[in-house]
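A.B. asks: Sharing a structure here in structure tokens format.
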Amino acid sequence: MSNQENAYKPNNPQEPGFDMAQYRSQPPVPPGPIIQQPVQVAWMDVPQGNRNCPPGLEYLTMIDTLLIHQEIEVMEAIFGYETNNKYTIKNSVGQKVYFAKEDTDCCTRNCCGPSRPFDMKILDNFGNEVIHLYRPLACSGCCFPCCLQTLEVYSPPGTLIGTIEQVWTICKPCYVVKDVNNDVLLKIKGPICTCSCLSDVDFDIYSKDGSMEVGKITKQWSGFLREMFTDADNFGVRFPMDLDVKVKALLLGATFLIDFMFFEHSQN
């Protein structure tokens, strides 16, 4: 046998000086700690080719459902100290569409509670404010028919596109959705009992004459612990796909007004 062949031939275990350790299987190396990467929720892509709507509302052209999730604030849950509300707004497949944050001062939040006036900024995935909501201070309840709740919706900020106005009723909550010319576009009617106990609460959206249901705003049951110890609520808004994007933005604003009026429970 040539020297070249002997170079690749392993040593004979019977020969003196043979080291068996080199042929024994090495103990397995214990795996290192498994580091889980945080799950990042994808943002919805901006639809292209639509210039007939306010900037930032292009997202709404391809949407017939919005899911609104209020973030849990630790200070508020533990100490009852009211903080600015924050919301993540998603489409039906879980992609983020907008992010909303309340802009009020500490005194207003903790003295006026859920009846407080507020500014709400709604931002797109680039951090640009695309919708601005303003709720003035007003009394609420059936005993004040001359002083009802309203919400103004601006898109882009500074340009009024419509309002949400409470209609005086004794039993069921009722609202009208109006455009910038004060014309009624839609009506929203809630149930007699708005208590969210182990079930969803629906506010039905009707055509302007009230003859046909066209959508729904739903306060979703979030579980006993979340409902009991926080005021962080989940909502779903459903509307026709071909509805004008400005009207969709108005219905989004109506959801925040309903949240503050019926489900923003003060813990002070």
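The values are calculated or read from the model by the stated rules, or taken from the named source; none is laboratory data. Being a predicted model, the structure only gives us computed values, none of them experimental. So basically every Cβ, Gly included, is an ideal-geometry build from the backbone, and we count neighbours across all protein chains shown.
A.B. asks: Would you mind finding the one in LYS121, LYS189 that is among the charged types (D, E, K, R), more than 22 Å from VAL214 (Cβ to Cβ) and surrounded by fewer than 19 Cβ atoms within 10 Å (Cβ to Cβ)?
C.D. replies: Numbers: LYS189 fails: more than 22 Å from VAL214 (Cβ to Cβ).
So the residue among LYS121, LYS189 that is among the charged types (D, E, K, R), more than 22 Å from VAL214 (Cβ to Cβ) and surrounded by fewer than 19 Cβ atoms within 10 Å (Cβ to Cβ) is LYS121.
A.B. asks: Moving on to the next point. Among the residues of segment 44-66, count how many are at pLDDT 90 or above, surrounded by fewer than 19 Cβ atoms within 10 Å (Cβ to Cβ), closer than 19 Å to ASN125 by Cβ and in contact with a Ser or Thr (Cβ under 8 Å, 6 or more places away or on another chain).
C.D. replies: 1
A.B. asks: Show the residue pairs meeting these rules: Cβ distance below 9 Å; 6+ apart or different chains; first residue within segment 150-174 and closer than 20 Å to PHE262 by Cβ; second residue surrounded by 20 or more Cβ atoms within 10 Å (Cβ to Cβ) and acidic (Asp, Glu).
C.D. replies: Listed by first residue and then by second, the contacts come to nothing, as the list is empty.
A.B. asks: If you don't mind, there's one more thing I want to ask. Kindly indicate the residue of segment 219-248 that is among the aromatic types (Phe, Trp, Tyr) and surrounded by 12 or more Cβ atoms within 10 Å (Cβ to Cβ) and also modelled with the highest pLDDT among those meeting that condition.
C.D. replies: Of segment 219-248, the ones among the aromatic types (Phe, Trp, Tyr) are 221, 224, 229, 235, 239.
Filter again for surrounded by 12 or more Cβ atoms within 10 Å (Cβ to Cβ), leaving 221, 229, 235, 239.
Values: TRP221: 80, PHE229: 50, PHE235: 94, PHE239: 97.
Residue satisfying both the conditions and the ranking: PHE239.
A.B. asks: Residues in segment 250-268 that are at pLDDT 90 or above and small (Gly, Ala, Ser): how many?
C.D. replies: Here the count works out to 2.
A.B. asks: Output the number of residues of segment 80-99 satisfying the condition of being over 19 Å from ASN128 (Cβ atoms), in contact with a Ser or Thr (Cβ under 9 Å, 6 or more places away or on another chain) and of a type in the set (Phe, Trp, Tyr).
C.D. replies: Qualifying residue count, segment 80-99: 0.
A.B. asks: Could you list, in sequence order, all residues of segment 195-218 that are surrounded by fewer than 16 Cβ atoms within 10 Å (Cβ to Cβ) and outside any strand (DSSP E or B)?
C.D. replies: CYS195, CYS197, LEU198, SER199, ASP200, LYS208, ASP209, GLY210, SER211, MET212
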